[in-house]
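The values are calculated or read from the model by the stated rules, or taken from the named source; none is laboratory data. Quick caveat, the model's predicted, so the values are computed rather than measured. With ideal geometry, Cβ positions are generated from the backbone for all residues, glycine too; neighbour counts draw on all protein chains shown. Remember, those area values only see protein heavy atoms, side chains included, never the ligands or the DNA or RNA. Shrake-Rupley method; radii C 1.70, N 1.55, O 1.52, S 1.80 Å.
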There are 4 protein chains.
Amino acid sequence: MTEQTKENRILDAATLEIAENGYANATMARIAKRANVSSGLIYFYFPKGKLQVLLSITVRFWKILNDRLETQLESISDPVARITEVARLAEFMLVRDNNRLYLAKVLIEELPRMFMINDEELKDTRMEITIQNRKFIHTIDSIIKDGQDQGIFDRDLNPSAVRQVLYGAVEMLLYGLFIKASRNEDLGYGKDDVKYTLDMLIWKFLCKTP
Amino acid sequence: MTEQTKENRILDAATLEIAENGYANATMARIAKRANVSSGLIYFYFPKGKLQVLLSITVRFWKILNDRLETQLESISDPVARITEVARLAEFMLVRDNNRLYLAKVLIEELPRMFMINDEELKDTRMEITIQNRKFIHTIDSIIKDGQDQGIFDRDLNPSAVRQVLYGAVEMLLYGLFIKASRNEDLGYGKDDVKYTLDMLIWKFLCKTP
Amino acid sequence: MTEQTKENRILDAATLEIAENGYANATMARIAKRANVSSGLIYFYFPKGKLQVLLSITVRFWKILNDRLETQLESISDPVARITEVARLAEFMLVRDNNRLYLAKVLIEELPRMFMINDEELKDTRMEITIQNRKFIHTIDSIIKDGQDQGIFDRDLNPSAVRQVLYGAVEMLLYGLFIKASRNEDLGYGKDDVKYTLDMLIWKFLCKTP
Amino acid sequence: MTEQTKENRILDAATLEIAENGYANATMARIAKRANVSSGLIYFYFPKGKLQVLLSITVRFWKILNDRLETQLESISDPVARITEVARLAEFMLVRDNNRLYLAKVLIEELPRMFMINDEELKDTRMEITIQNRKFIHTIDSIIKDGQDQGIFDRDLNPSAVRQVLYGAVEMLLYGLFIKASRNEDLGYGKDDVKYTLDMLIWKFLCKTP
DNA sequence: GATGAATGAGGTTTCATTCAT
DNA sequence: GATGAATGAAACCTCATTCAT
């Protein structure tokens, strides 16, 4: 999918490494080995080290997601269809194959960490995430407000709170799939349940009751 | 709340340290300093080190939550009231004051890490978490199934998927509050919105539509 | 001489290591090995690393020198005798045996580096040097001004410039001795020439011509 | 002054880089950037790397100094005038503008390092320095011996020791000017004091007392 | 001549963990 | 129970140096 530059290979390798060992235990040496580059090259592309690599994984994902959203949503006008499309796309980008689930795991587990970064030297990368994140949030919130204005979505709900609910729902549903895929534990539902549950969440929770 | 033994002081200090720096950057030396004990003493109480401390924070929380749930739910029979009470209690234990929000942050961010632990020596502590976690999951799933059996909750929803949605919704709503409290960023909603949104999630999404 | 605490052992080992390899090539690992301590312990006493070790060598020397000067000069009132005593003491502390010459070499070669340090984190150590240095400069300048006031020293000379000349003269004369001791090269003079030359420098250059 | 070939630009850039960061912290990458060439090119001109660059800075300086000395001294016969000319020329070459002071700093601080070099591969460059250095020393020592023979300079002084004194005096006086120029610290004297003090050093210390 | 991405040896540095007191 | 100086494995990270272009 993404062009196989060495920079991208490093990010892919880091995704795998972090997914398997967690950020705390991921080592630069192993990332380098997985990407089949020297450890020094990682610092050439990401001078601030491991944290910048993690941030860059996130930036790359959000950029692609936002780009695709923009394209996909262009031709859809119905708020229900639009919000459903957002969920579908997130699902598609993170669940389609097991490789994607690694990315899902990293994004879900490490996203909160992003908000905590104060390092002055990483301000730029951090800002990029914030921009992409705000863009995403704005997309969702706009759809919700739009639906409320059109009388389709429940006007009594706070759009920001709804967005958090949707975000959390998608996150935990996907996370369960990851656990299922990577361990023996069954959490009691499958990919089809995710689709159906999210549809119902939109129809019943988000839409105006007749 | 909890008795101020040195052991508890260590866990409290660790919660703060991990909340501020993340598990990866938390150091035993700083935890010791914050707890006003020597670093050697941490190993007296938690011989397996940092990871055991993290696990112990989690165990302590889940034990208390499950205990209280048991007590509180005893006198409630209506499924809607029961599931609402679960949300209320989680909220209460994690949001009541800002100190609690630190705990919320640690639990939310580091919980996934728990599932990755294979360390033979920590099997016992890990098992304790699994037990508490299953107990919690079982409590929720039982309420949902019960409600479905009674024709109050929507029978077409997969109980496990619903549980993930509720868990994710509570998590993200609380997490937004933490961001708000610890940074200037406003996510667009407040404590009251959390209550109302969760109530609506239960009424509209979870309950059977008439 | 100095109490053989581990801290002092580290400074002694570092002096030797830096004298032999230069600051640029000195390694913490070798300093540790020479001091017979673990490399980690160096960071326990000198958290800012190699540069702090270098600064600390200097601080220790200047402190001792200033202390002894204070004691020795107490009982001397004649400006000529006083300034001679300063030169003698510097000589004594740096030349008496070959071990001392190592210290001399480090102090002479690396002193200029001290003035260049801007590192915010080393401000304290750097300030200590500045204080000791000013104390030393003040001692010398006072003697010179005193001698000028008494009509013994040449009043037309700028005391600060004279101090630089004396400092440079002592430095280069001692440095030559180090070269001689550590290599085969002969620079054409010996310890006795140093004494005589410095005496003449004081008598002829510094004193008022009759 | 010097022709702006890329080779010279590299040496100039290295002088600045080493003056600002010290030899230990100077990096080839920054030297290349300052010289506006690629780092690879430095190895084209100086295959032995950083040390060879440092040696080359020194060689270039001493060669020019010795050349000029030869020219300037040709027409002067009086020992006092000759030795004064040496001091003047050194001053001129190192103090005339602030750029020169950077060179002074590097030469003063890093000269001792030269004597420590044993690297077989740098034997040639090192030898060049030794040759230039001996030539310089010989020039001075000759003037002094000459003056002593003519009964103008004090015959009781060891010429080599005198040379060290003069060298140290010039060095420290110039060094003080550098400190003054690059920091706020005032060492209590200026360029005029340097001239006067050196004149007096020659007249009073070096010359025979009547 | 000139470039700069890429390497990897070798240094610095951290910090979990121990143990004598 | 409690301390904190001391250890050393193992990570991070730098940067001199190379080489295909």
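Every other copy gets compared here: list the nm distances from the D:ASN184 label point (7 Å along Cα to Cβ) to its counterparts, shortest first, one decimal.
Shortest to longest, the spacings are 3.1, 5.3, 7.1 nm.
Can you tell me how the range D:49-206 classifies by the Cα gyration tensor, rounded, prolate or oblate, using a/c under 1.5 as the rounded cut?
Judged from the Cα gyration tensor, the range D:49-206 comes out oblate (a/c at least 1.5, b/c at or above a/b).
Based solely on its DSSP helices, what 222 nm [θ] is calculated for chain C when runs of n ≥ 4 H residues each add -39,500 (n - 2.57) and the sum is averaged over all residues, nearest 500 deg cm²/dmol?
-25000 deg cm²/dmol
Please report how far the C-alpha centroid of the range B:90-160 lies from that of the range C:78-122, rounded to the nearest whole angstrom.
Going from one Cα centre to the other spans 67 Å.
Can you list residues whose amide H is under 5 Å from C:ALA26's amide H, if they're 5+ apart or on another chain and H is modeled 1.01 Å from N?
Here nothing satisfies the definition.
Please report, as a whole percent, how much of the solvent-accessible surface of the range B:64-210 comes from carbon and sulfur atoms (probe radius 1.4 Å).
Of the solvent-accessible surface of the range B:64-210, carbon and sulfur hold 50 percent.
Compare B:ASN184, B:ASN66, B:ASN133 in a GNM of chain B, Cα atoms joined below 10 Å, and give the one with the largest fluctuation.
Of B:ASN184, B:ASN66, B:ASN133, the Gaussian network model singles out B:ASN184 as fluctuating most.
Specify whether the C-alpha gyration tensor of the protein assembly as shown places it in the rounded, prolate or oblate class, a ≥ b ≥ c being the square roots of the eigenvalues: rounded for a/c under 1.5, otherwise prolate if a/b is larger than b/c and oblate if not.
Here the protein assembly as shown falls in the prolate category.
Could you tell me the relative contact order of the range B:54-206? Use alpha-carbon pairs under 8 Å, at least six residues apart, and round to a whole percent.
That works out to 30 percent.
Over 30 Å between Cα atoms: which of A:LYS48/B:LYS6; A:LYS6/D:LYS33; A:LYS50/D:LYS6; A:LYS191/B:LYS145 fall into that group?
The pairs that break the limit, which is 30 Å between Cα atoms, are A:LYS48/B:LYS6; A:LYS50/D:LYS6.
Please report, in whole Å³, the volume per residue of the convex hull around the C-alpha atoms of the range B:143-210.
Taking the convex hull of the Cα positions in the range B:143-210, it is 84 Å³ per residue.
When only Cα pairs under 8 Å and 6 or more residues apart are kept, what is the percent relative contact order across the range A:39-130?
Reported relative contact order: 38 percent.
Between copies, how far does the label point of A:ASN36 sit from its twins, in nm, shortest first, when each point is 7 Å from Cα along Cα→Cβ?
The projected label point of A:ASN36 is separated from its counterparts by 4.1, 5.2, 5.8 nm.
Please work out the average accessible area per residue across chain D, using the 1.4 Å probe convention, and give it in Å².
Ligands and nucleic acids excluded, the figure is 46 Å² per residue.
In nm, one decimal, shortest first: how far is the label point of D:LYS123 (7 Å from Cα along Cα to beta carbon) from the matching points in the other copies?
5.2, 5.5, 6.7
Answer rounded, prolate or oblate for the range C:106-188, using the Cα gyration tensor with square roots of eigenvalues a ≥ b ≥ c: rounded when a/c is under 1.5, else prolate when a/b is larger than b/c, else oblate.
It comes out oblate by the Cα gyration axes.
Send over the semi-axes of the range B:1-117's equivalent ellipsoid, whole angstrom and largest first, taken as the square roots of 5 times the C-alpha gyration tensor eigenvalues.
Each semi-axis is the square root of five times an eigenvalue, giving 29, 14, 13 Å.
With chain C rotated onto chain B, spot the residue of C whose Cβ lies nearest the axis and note the distance in whole Å.
Result for the axis mapping C onto B: C:GLY40, 4.
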